[in-house]
Amino acid sequence: MPGIRGPSDYSQEPPRHPSLKINSKEPFNSEPPRSALVSSYVTPVDMFYKRNHGPIPIVDDIESYRVSITGLLPKSIMLSMDDIKKLPKYNVTATLQCAGNRRTAMSKKRTVKGVGWDVSAIGNAIWGGAKLADVIELAGICKNTTSTSLGGKHVEFVSVDMCKEENGGPYKASIPLRHATNPEADVLLAYEMNGEILNRDHGYPLRGIVPGIIGARSVKWLDSINIIAEECQGFFMQRDYKMFPPSVDWDNIIWSTRRPQMDFPVQCAICSLEDEAIASQDKIKISGYAASGGGRGIERVDISVDGGKTWLEASRHQKRDAPYIADDINSDKWAWVLFEAQVDVPKNAEIIAKAVDTAANVQPETVEEIWNLRGILNTSWHRVHLRHMLQSGHSSL
Ligand SMILES: Nc1nc2c(c(=O)[nH]1)N[C@H]1C(S)=C(S)[C@@H](COP(=O)(O)O)O[C@H]1N2
Ligand SMILES: [Mo]
């Protein structure tokens, strides 16, 4: 592992913004306050959620850093950062979402195992880097390849961080070769985030970004990229990040019966209010985010103040200055939309938001119907409870 190493303790962690809410200190897992998500379409780096499974790796010498491309391919290669930067650079606006986003709310219905998250284990960034399809081509594999002549069908990303789930080994995950070599899938080896050099928390010097797919597959601090026959057998592919039905619990789980989760489903959350909020006015403006996986855009965001009997449509935008149209060629297909609505709220109401994606997939109504023991993919309708405290004057929420 030239130039990069994973420390065995937490004595050399990078500095972090004090307003992040820390869900676990070691490994460091944190999310910004809800309001930070809706204050800008592109999430600032220091306000972006941080999801780690071990101590943050250290680059001792960027000149000697190499990422290797090995496995079932004609020739193995080692690439320096300069080699990667020589390839055409792409800037892809993509929303990264942890599959555990909104886990705390799922746990309230029935206990689940995993780090608790509110609604902010998600962020939207402009990732700059080389396309994985171009990088793999350097190793002699053409674009849009399903299998190499040696039987390689998956691309495994291996890091250097020491994770207890891997018995001290590195974090790893894989995606199908056909996805990795499809230039339109926009899979990146990213070295920039929002126009700045990627920082240590987010994967310096190089990470995978797999747009439209749960964050767990966007491996940080890359050490090697292996072309393999079967999907990666690592813990985070085989014994985590799989979606089980509500009937499966720890006493009857058979991990091999489910596939590793890839695309994330349609999701939205209100970010201008906490789940239990105080209202001082009857007319309020609410805002939040909506996103769907697989490059499916958001078609609609519906808001209800009467428990889902009637709905009004929120307005949506991707860039603050222009209204968002789903099939606009300028729209960012991998990116979230922010929504806004003015609502008249009855006394002590519940405000509900649900999104519909361009394939007409809708969020499920309740947590119960999608409850799963690991507490992933809580995409149930987002509900905020308002208690009224009427005041005179112009105070707002
Ligand atoms: N090497 C490595 N890559 C990783 C992880 C990790 O712990 N180690 N966590 C994954 C998970 S579960 C998520 S959701 C995203 C989080 O990326 P971020 O911390 O940049 O937001 O990184 C993924 N890549
Ligand atoms: Mo995650």
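The values are calculated or read from the model by the stated rules, or taken from the named source; none is laboratory data. Model, not experiment: these values are computed from the prediction. A quick note on method: Cβ atoms are made from the backbone with ideal geometry, for glycine too, and the neighbour counts reach across all protein chains shown. Each accessible area value is taken on the protein alone, full model and side chains, heavy atoms only, with ligands, DNA and RNA left out. Shrake-Rupley method; radii C 1.70, N 1.55, O 1.52, S 1.80 Å.
For this structure, a couple of remarks:
- Distance violations [Cα-Cα > 31 Å] among 86/172; 21/333; 242/309; 89/319: 242/309
- Extension reserve of the residue 46-residue 5 stretch, reckoned as 0.36 nm per residue once the Cα distance is removed: 12.4 nm
- Straight-line cross-link reach from residue 108 at under 17 Å between alpha-carbon atoms covers these aspartates and glutamates, not counting any fewer than eight positions away in the same chain: 118, 249, 274, 275, 276, 365, 368, 369.
- Stretched out straight at 0.36 nm per residue, the stretch from residue 278 to residue 147 would grow longer than its current Cα-Cα span by 41.5 nm.
- Highest GNM mean-square fluctuation among 386, 20, 150, for the chain modelled with Cα contacts below 10 Å: 150.
- Heavy-atom accessible area, probed at 1.4 angstrom with all protein chains present, ranks 217, 178, 16, 374 as 178, 16, 374, 217, highest first.
- Per-residue surface analysis assigns residue 313 an accessible area of about 110 Å², computed on protein heavy atoms at 1.4 Å probe radius.
- Principal axis box of the chain, alpha-carbon based, largest edge first, Å: 71, 51, 42
- Shown in residue order for region 233-246 are the 3J(HN,Hα) couplings computed by the Karplus curve 6.51 cos²θ - 1.76 cosθ + 1.60 at θ = phi - 60°: 8, x, 3, 6, 9, 9, 10, 6, 6, 10, 9, 9, x, x Hz (x for Gly and Pro).
- Surface composition of region 267-388: carbon plus sulfur atoms contribute 49% of the solvent-accessible area (1.4 Å probe, protein chains only, all chains present).
- Among the listed pairs 109/164; 113/285; 75/153, those beyond 23 Å (Cα-Cα): 109/164; 113/285
- Computed from the C-beta positions of residue 108 and residue 78 and an R0 of 45 Å, the FRET efficiency is 0.40 to the nearest 0.05.
- Sites listed here are trypsin sites (Lys or Arg not before Pro) in region 43-79 whose DSSP assignment is loop and whose Cβ has at most 12 other Cβ atoms within 10 Å: 75.
- Region 267-388: relative contact order in percent, alpha carbon pairs under 8 Å with at least 6 residues between: 35
- Note on surface exposure: 86, 153 rank 86, 153 by accessible area, highest first, 1.4 Å probe.
- Protein heavy-atom accessible surface, 1.4 Å probe, per residue over the chain: 42 Å².
- Region 131-244, relative contact order in percent, only Cα pairs under 8 angstrom and at least six apart counted: 32
- 89, 143, 113, ranked by accessible area, largest first (probe 1.4 Å): 113, 89, 143
- Per-residue ellipticity at 222 nm from helix content only, as computed over the chain with -39500 (n - 2.57) for each DSSP H run of at least four residues, stands at -1500 deg cm²/dmol.
- GNM flexibility winner over the chain from 293, 151, 129 (Cα, springs under 10 Å): 151
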